[in-house]
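As structure tokens, the structure follows; a few thoughts come after it.
The values are calculated or read from the model by the stated rules, or taken from the named source; none is laboratory data. Keep in mind that this is a model prediction, so the values were computed, not measured. Counting neighbours? That spans all protein chains shown, and the Cβs are built from the backbone with ideal geometry, glycine included.
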Amino acid sequence: MNPFAYKQTLEQFFMEDIGYGDWTSDLLFPEEATGTLTFISKQQGIFCGKDLLKTGYALLDSEIQADLPIQDGTFVSPGVEIASFTGPVRSLLKGERVLLNLIQRMSGIATLTHQAVQTIADSHTKICDTRKTTPGLRAFEKSAVRAGGGFNHRFGLDDAVMIKDNHIAFAGSITEAVQTIRSSLGHTVKIEVETENADQVMEAVAAGVDIIMFDNRTPEEIFELQRLVPSSILTEASGGITMESLSSYRGLGVDYISLGFLTHSASALDISARVLTEKEEVK
């Protein structure tokens, strides 16, 4: 993630949660009180959020010392200590909820992505995300997909050209849309076209696009459509694919399978932040 961008985003999140101050922590603890807060996994999965934790607490208080032994993409089981932070108690507690929310969300996405990669079990076909992300969290969520072993589709509308069904309807045809865009497009930007049948696939091939998406097609349909595409053009399957049906897309020859559910339907990984007692620390 761009450190400048996510620092700014974290500042906004802290502003939302802290507001004008934390009545509970500020009244309970003197400014000089210090302690250690430990983040612990309560569920097995793939952790993501190391840099976020480090950056978040550094933004809140430069006196906080971080111990971050677990790397992004690491499998964690219940009871694993992910990170610990030592410093002013007020600052530790003010950052706890925001940072927990984010790493739980990111770790949940990383875990679901890992499951998808394991399910497809195809060395040729890569799992990737979509733009179906939570507003304001796209950079965090796409980072989590990478931590889980997946790949990122375009980050935004300015990354690449994707000519979808409504673009084609307004433009008149795939050929017209591609020709119009290519006449003004820089040479470094790729063009992807969404297709739904053999005629559209052949038209996209003739137009010389870079990527052809098979949209909402069954595995059987994709197998036939894939044969119409030369190896110089990348292919992608997307739409209506679930974790339950994912394995049926194995071995079809597509280069990518994009899955919206990686980011819009992932469950948060259960992680807690605790002050450990001496007895717990000995264990």
Give the residues of segment 71-83 that are closer than 18 Å to residue 55 by Cβ and crowded, with 19+ Cβ neighbours inside 10 Å, sorted by residue number. 72, 82, 83
Do we find a residue being among the aliphatic types (A, V, I, L, M), touching a strand residue (DSSP E or B) at 6+ places or on another chain (Cβ under 7 Å), outside the structural domain of residue 165 (by TED's automatic domain parsing) and not in a loop (DSSP other than H, G, I, E, B) anywhere in segment 250-271? yes
Looking only at residues that are among the aliphatic types (A, V, I, L, M) and touching a Lys or Arg at 6+ places or on another chain (Cβ under 8 Å) in segment 85-129, which one is surrounded by the fewest Cβ atoms within 10 Å (Cβ to Cβ)? 121
So residue 175, is it over 22 Å from residue 102 (Cβ atoms), assigned to a helix (DSSP H, G or I), in contact (Cβ under 8 Å) with a residue 12 or more places away in the chain and in the same structural domain as residue 220 (by TED's automatic domain parsing): yes
In this structure, does residue 207 turn out to be farther than 22 Å from residue 259 by Cβ, in contact (Cβ under 8 Å) with a residue 24 or more places away in the chain, assigned by TED's automatic domain parsing to the domain that holds residue 229 and of a type outside the set (S, T, N, Q)? yes
Kindly indicate whether residue 107 is outside any loop (DSSP other than H, G, I, E, B), within 20 Å of residue 155 (Cα to Cα) and in contact with a strand residue (DSSP E or B) (Cβ under 7 Å, 6 or more places away or on another chain). yes
Applying the selection to segment 142-159, what residues are touching a residue at least 40 places away in the same chain (Cβ under 8 Å) and either assigned to a loop (DSSP other than H, G, I, E, B) or in contact with a Leu (Cβ under 8 Å, 6 or more places away or on another chain) (or both)? 145, 148, 149, 150, 153
Taking the condition of being more than 22 Å from residue 68 (Cα to Cα), surrounded by fewer than 16 Cβ atoms within 10 Å (Cβ to Cβ) and not hydroxyl-bearing (Ser, Thr, Tyr), how many residues in segment 19-44 meet it? 10
Output the qualifying pairs, or none if there are none: Cβ atoms under 6 angstrom, residues six or more apart or on different chains, first residue in segment 228-249 and in the same structural domain as residue 260 (by TED's automatic domain parsing), second residue of a type in the set (Asp, Glu) and assigned to a loop (DSSP other than H, G, I, E, B). 234/255; 235/255
From the set of residues in segment 12-54 that are more than 14 Å from residue 102 (Cα to Cα), part of a loop (DSSP other than H, G, I, E, B) and aromatic (Phe, Trp, Tyr), which is modelled with the highest pLDDT? 29
Please pick out the residue among 276, 225 that is modelled with pLDDT under 95 and either assigned to a helix (DSSP H, G or I) or surrounded by 15 or more Cβ atoms within 10 Å (Cβ to Cβ) (or both). 276
Check off (1) under 28 Å from the mean Cα position of the chain (by Cα); (2) more than 21 Å from residue 137 (Cα to Cα) for residue 10 and give me the number that stays unchecked. (2)
Please determine, by comparing only the residues of segment 113-141 that are in a strand (DSSP E or B) and hydrophobic (A, V, I, L, M, F, W, C), which one is farthest from residue 248 (Cα to Cα). 128
